[in-house]
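One structure below.
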Amino acid sequence: MRVAVVGAGPAGVRAVGQLVRAGLHPLWIDEAPDGGGRIYQRPPPGFRRSPQALYGLEARKATALHAALDALKPRADWRPDTLVWNIATHPGRLNLMRDGVATEQGFDAAILCTGAMDRVVPLPGWTRPGVTTLGAAQIALKAQGCAIGRRVALVGSGPLLWLVAYQYLKAGAGLAAVLDTTAFRRKLQALRGLPHDPATLAKGLFYVARLRAAGIPVAEGATPLAIEGEAPDAVGALRWRDAAGREHRLECDAVGLGWGVRPELQLADLAGVPIGFDPMQHNWVPQRDLTGRTPVDGIYLAGDGAGIGGAAVAELAGARAAQALLADAGLPVDTALVARLERRLLRQARFRTALERAFPFPAHLAAAMPDETILCRCESVTAGELRAAAAPDGPHGASPEVNRAKAFTRIGMGRCQGRVCGAAAAEVLAARLGCDTAAIGRLRGQPPVKPLPIPQPEAAP
């Protein structure tokens, strides 16, 4: 049986572990040079920081996952540095790209563990050099051993904001401030559901306490207004408004932005898995059940690519999806393990619901985006141009759906295919048309899911 696992983060490692344990030799593909995913991304060879310094409170989990990863590589068809840029079913086919060479690989069943990427709300000045997502700021620290600046402002909301801030503090990087756009009262109201995962709650409280104890300015209920600088190619300051309505100007030379993450669902979309809007996560997510099964035969999903749950959920879901695949293939299943995994997944789901209530996506910030803000940085489309395309009295008539607006404005037609601007664009359209975000739709997936190199012609002899 030909089984493929796409992704070598927490979900992919645990999925492959179960498949190998059952005697299979899966094809295992990851876009990165090595596995671990973004959360446990490995540093390059020769990197001297210890796991404790690199991963903090997650060091034990990271080293355990890396050990499992290394033990599994010889027992699978391990292919790092490989992009899966297209998928087809019936028959199953993966289109791959490595070192500029395109290949094709068949499969009978596939577990997609494609992970997630940052969700951002553009604001004036966000295209300046020195502005990154929170995830990129974290990758710079883990994979390159550097901070994104000497005096860094971190802005956004959700667990990743506080984790990155703590990691920067621990690494000795200069933090100008941590600005959380969620009001303290909102987080307090959601506290009742958070004890479903007391360890994660305790870590979050620890991060905040350490930052405050270190004297790092922390604000809750903040509203970012603009990123400014005397030079057009540099960051000089961040203008923001506090919960009381007072405006401030924070001097900094770099800014990290992020409001949670969104699933990387392009491959699931191309495989024909139905995609629906989850109002709790405020995300488009592929349809799958607790076991990881989808309505498409032979396609299973696990990890944040199937719906945001975090690293702990990804490990559980990866193992559970592999057990579902084994059962569907008529191979032996560990029923005790399955029952244990499902109990833990259900408990984690209750915690995640509380977490989403504590850190909701700030749709109001996107809706109030100034017209001159560059919304789609690939195609330089402003929020005002998108609103004009949606106007019933505009040159094209109303654009009640994001793909129609894309045709009129080119939003989402650039290198990222709307993976960065799509969520905020939907909020701008929804606010302009006075409808729910779900009614706006999502930018449809298409191959290649990421840019591919164009082969250079051979030089004439």
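The values are calculated or read from the model by the stated rules, or taken from the named source; none is laboratory data. Predicted model only: the values in this text are computed from it and were never measured. A quick note on method: Cβ atoms are made from the backbone with ideal geometry, for glycine too, and the neighbour counts reach across all protein chains shown. Accessible surface is based on the protein model in full, side chains and every heavy atom, while ligands, DNA and RNA are left aside. Shrake-Rupley method; radii C 1.70, N 1.55, O 1.52, S 1.80 Å.
Need a quick list: helices (runs of 4 or more DSSP H) entirely within region 260-369 having at least 2 residues that are of a type in the set (S, T, N, Q) and over 22 Å from GLU427 (Cα atoms).
Filter on region 260-369 gives 335-358.
In region 269-277, is there at least one residue being free of Cβ contacts under 8 Å to residues at least 24 places away in the same chain, more than 29 Å from ALA199 (Cα to Cα) and open to solvent by 40 Å² or more (accessible area, probe 1.4 Å)?
Yes, region 269-277 contains a residue that is free of Cβ contacts under 8 Å to residues at least 24 places away in the same chain, more than 29 Å from ALA199 (Cα to Cα) and open to solvent by 40 Å² or more (accessible area, probe 1.4 Å).
Select from region 229-239 the residues that are farther than 16 Å from LEU175 by Cα and in contact (Cβ under 8 Å) with a residue 60 or more places away in the chain and list them in ascending order.
GLY229, PRO232, ASP233, ALA234 - these are the residues of region 229-239 that are farther than 16 Å from LEU175 by Cα and in contact (Cβ under 8 Å) with a residue 60 or more places away in the chain.
Given (1) over 30 Å from PRO159 (Cβ atoms); (2) of a type in the set (A, V, I, L, M); (3) touching a Lys or Arg at 6+ places or on another chain (Cβ under 9 Å), where does ALA336 come up short, assuming only one miss?
(3)
Which one is surrounded by the fewest Cβ atoms within 10 Å (Cβ to Cβ) among residues in region 308-333 that are farther than 27 Å from ALA59 by Cβ and of a type outside the set (A, V, I, L, M, F, W, C)? Explain how you work it out, then say what you get.
Taking region 308-333 and keeping what is farther than 27 Å from ALA59 by Cβ, we get 323-333.
Next cut, of a type outside the set (A, V, I, L, M, F, W, C) only: 323, 328, 330, 332.
Working: GLN323: 26, ASP328: 15, GLY330: 8, PRO332: 11.
The selected residue is GLY330.
State all residues of region 10-34 that are assigned to a loop (DSSP other than H, G, I, E, B) and either closer than 13 Å to LYS142 by Cα or open to solvent by 10 Å² or more (accessible area, probe 1.4 Å) (or both); if no residue qualifies, say none.
To start, the set of residues in region 10-34 that are assigned to a loop (DSSP other than H, G, I, E, B) comprises 22-26, 30-34.
Within region 10-34, ALA22, GLY23, LEU24, HIS25, ASP30, GLU31, ALA32, PRO33, ASP34 qualify.
Whether any residue in region 198-210 is over 22 Å from ARG119 (Cβ atoms) and more than 25 Å from the chain's Cα centre (by Cα) is what I want to check.
yes
Report every pair of residues separated by at least 6 positions or lying on different chains whose Cβ atoms are under 9 Å apart, first residue within region 5-30 and without any contact (Cβ under 8 Å) to a residue 12 or more places away in the chain, second open to solvent by 10 Å² or more (accessible area, probe 1.4 Å) and among the charged types (D, E, K, R).
So the pair list comes out as ARG21/ASP334.
Scan region 64-107 for residues that are within 20 Å of PRO10 (Cβ to Cβ), open to solvent by 50 Å² or more (accessible area, probe 1.4 Å) and either touching a Lys or Arg at 6+ places or on another chain (Cβ under 9 Å) or polar (S, T, N, Q) (or both) and jot them down.
ARG79, ASP81
With (1) within 21 Å of ASP304 (Cα to Cα); (2) touching a residue at least 24 places away in the same chain (Cβ under 8 Å); (3) out of contact with any Pro (no Cβ under 8 Å at 6 or more places or on another chain); (4) in a helix (DSSP H, G or I) as the list, and ALA64 as the residue in question, which single condition is left unmet?
The number of the failed condition is (2).
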